[in-house]
Amino acid sequence: MKIQGGCHCGAITYEADIDPNTVSICHCTDCQTLSGSAYRTNVRATKDNFKLLTGQPKIYIKTAESGNKRAQAFCPECGSAIYATSPTDPQVYGLRVGTIRQRAELQPKTQGWCRSALDWVQDLSSAKQFPKQPS
Ligand SMILES: [Zn+2]
Ligand SMILES: [Zn+2]
């Protein structure tokens, strides 16, 4: 599936060819902190299928619990998270689904690191809903 994506301010744009079956949620505590949200949603794109069109992301290298290092790419202007990949040999990119134009079609197929998932995250039905900003 061809997708197009970009950051909030528009400096960074990209396109990719992805398999929608690789959309996954990550509940790890690093993703919670780095995304500033309850969990993060990613989709895989191989190196040959990911193309940065404009802009240059800033890279933050995080060290995971396992000792693995991951390059976290984000827009230096607006802070939007764009992807994660290997800092030394990028073969696969984990694209941040929230930056993809077609994100409504990208329903997650798996959830990882459920041991640190927030208890309330699987059922939001008790949270009062508003079509726009709650008044
Ligand atoms: Zn930006
Ligand atoms: Zn994670």
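The values are calculated or read from the model by the stated rules, or taken from the named source; none is laboratory data. Given the structure is predicted, the values throughout are model-derived calculations rather than measurements. Cβ coordinates were reconstructed from backbone atoms using ideal geometry, including for glycine residues, and neighbour counts include every protein chain displayed. For accessibility, only protein heavy atoms count, side chains too; no ligands or nucleic acids. Shrake-Rupley method; radii C 1.70, N 1.55, O 1.52, S 1.80 Å.
The table that follows gives values for the structure above.
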| item | result |
| --- | --- |
| Extension gain, Ser126 back to Leu53 (0.36 nm per residue minus Cα-Cα distance, nm) | 22.1 nm |
| If the convex hull is drawn through the Cα atoms of the chain, its volume per residue in Å³ | 128 |
| Cα centre as origin, Lys/Arg/Asp/Glu Cβ charges: the stretch 50-135 dipole, Debye | 160 |
| Helical mean residue ellipticity (222 nm; -39500 (n - 2.57) per DSSP H run of 4+; nearest 500) of the chain | -1500 deg cm²/dmol |
| Links that overshoot a 29 Å alpha carbon limit, given the list Lys47/Lys109; Lys47/Lys132; Lys51/Lys128; Lys62/Lys109 | Lys47/Lys132; Lys51/Lys128 |
| Solvent-accessible area per residue, Å², over the chain with all protein chains present [probe radius 1.4 Å] | 64 |
| Computed magnitude of the charge dipole of the stretch 1-117 (debye, nearest 20; Cβ of K, R +1, Cβ of D, E -1) | 140 |
| Cleavage-rule hits, GluC sites (Glu not before Pro), the stretch 54-135, DSSP coil, Cβ neighbours within 10 Å at most 14 | Glu65, Glu77 |
| Rounded percent of accessible protein surface that carbon and sulfur make up, the stretch 24-135, 1.4 Å probe | 49 |
